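Worksheet: the structure to be examined is printed underneath.
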Amino acid sequence: MAALKSIIRQGKQTRSDLKTLRNTGKVPAIVYGYGTKNTSVKVDEVAFIKVIREVGRNGVIELGVGSKSIKVMVSDYQFDPLKNQITHIDFLAINMTEERTVEVPVHLIGEAVGTKEGGVVEQPLFNLEVTATPDNIPEAIEVEISELEINDSISVEDIKISGDFTIENEATDSVVTVVAPTEEPTEEEIEAMEGEAQTQEPEVVGESKEDEEEK
């Protein structure tokens, strides 16, 4: 569990105040949830990024708030892609004995044998819904695909769970599959299709053969 310090923000702050705060490398945030009242804080952006890289998106953080230390998870955060800057963070104070349901990314491991025959790996699910106590939430779920041949697939029920958590998705939901390559038409087939298109003259709507003969 990684630790992160925060400083309580006093009073109501204007947009100008928040802009100045962000320009100094700090991120405005709020702490709320189990056993605590809503508290506005600020954290160092570089330190926050370092912690998230260490514990993962669903990891537990020991957040220092004033004289207290609170176990939190990142409930949400906003990011400005133009400025490449985190603009706000929601820290959710948690009960370590209470289960939570969160999204956990799926990481494919290995190279499917079917790709050597031209097969294409398709991944319908990039995240899975997982229920567990905060300290048992996996950072990612790894799925081994090395033995998959063309038309093989792995569903939720096929995943080997190594941890104290439950996957909430439907057992039959497909996580990854290897599909056959799409056959490209040959030059002869392309020429035949072009020939058919040229010989088919469009019919003028509303004009009969008798009308054509009278012209």
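Values for this structure:
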| read-out | value |
| --- | --- |
| Residue within the stretch 44-51 that is surrounded by 12 or more Cβ atoms within 10 Å (Cβ to Cβ), basic (Lys, Arg) and modelled with pLDDT under 95 present | no |
| Selection count where residues are touching a Lys or Arg at 6+ places or on another chain (Cβ under 9 Å), of a type in the set (Gly, Ala, Ser) and either closer than 17 Å to Ile49 by Cα or free of Cβ contacts under 8 Å to residues at least 60 places away in the same chain (or both), scope the stretch 73-126 | 0 |
| Pairs, first over 20 Å from Gly66 (Cβ atoms) in the stretch 15-32, second surrounded by fewer than 13 Cβ atoms within 10 Å (Cβ to Cβ) and modelled with pLDDT of 95 or more, C-beta under 8 Å, six or more apart | Gly25/Val46 |
| Filter result (in a loop (DSSP other than H, G, I, E, B) and modelled with pLDDT under 95) within the stretch 82-116 | Leu82, Lys83, Asn84 |
| Residue that is nearest to the chain's Cα centre (by Cα) [pool: residues in the stretch 147-173 that are buried (at least 16 other Cβ atoms within 10 Å of the Cβ) and more than 24 Å from Val120 (Cβ to Cβ)] | Ile167 |
| Extreme residue, surrounded by the fewest Cβ atoms within 10 Å (Cβ to Cβ), among residues of the stretch 4-14 that are touching a residue at least 40 places away in the same chain (Cβ under 8 Å) and over 13 Å from Val74 (Cα atoms) | Ile8 |
| Checklist (1) touching a Gly at 6+ places or on another chain (Cβ under 9 Å); (2) within 30 Å of Asn38 (Cβ to Cβ) applied to Glu103, failing item | (1) |
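Listed here are the residues, each with its yes/no results for (1) of a type in the set (A, V, I, L, M); (2) under 28 Å from Ser174 (Cα atoms).
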| site | (1), (2) |
| --- | --- |
| Lys42 | no, no |
| Val46 | yes, no |
| Lys50 | no, no |
| Val60 | yes, no |
| Leu63 | yes, no |
| Phe91 | no, no |
| Glu103 | no, yes |
| Leu108 | yes, yes |
| Glu117 | no, yes |
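The values are calculated or read from the model by the stated rules, or taken from the named source; none is laboratory data. Keep in mind it's a predicted model, so treat the numbers as computed, not measured. Note that we place each Cβ from the backbone using ideal geometry, even for glycine, and neighbour counts take in every protein chain shown.
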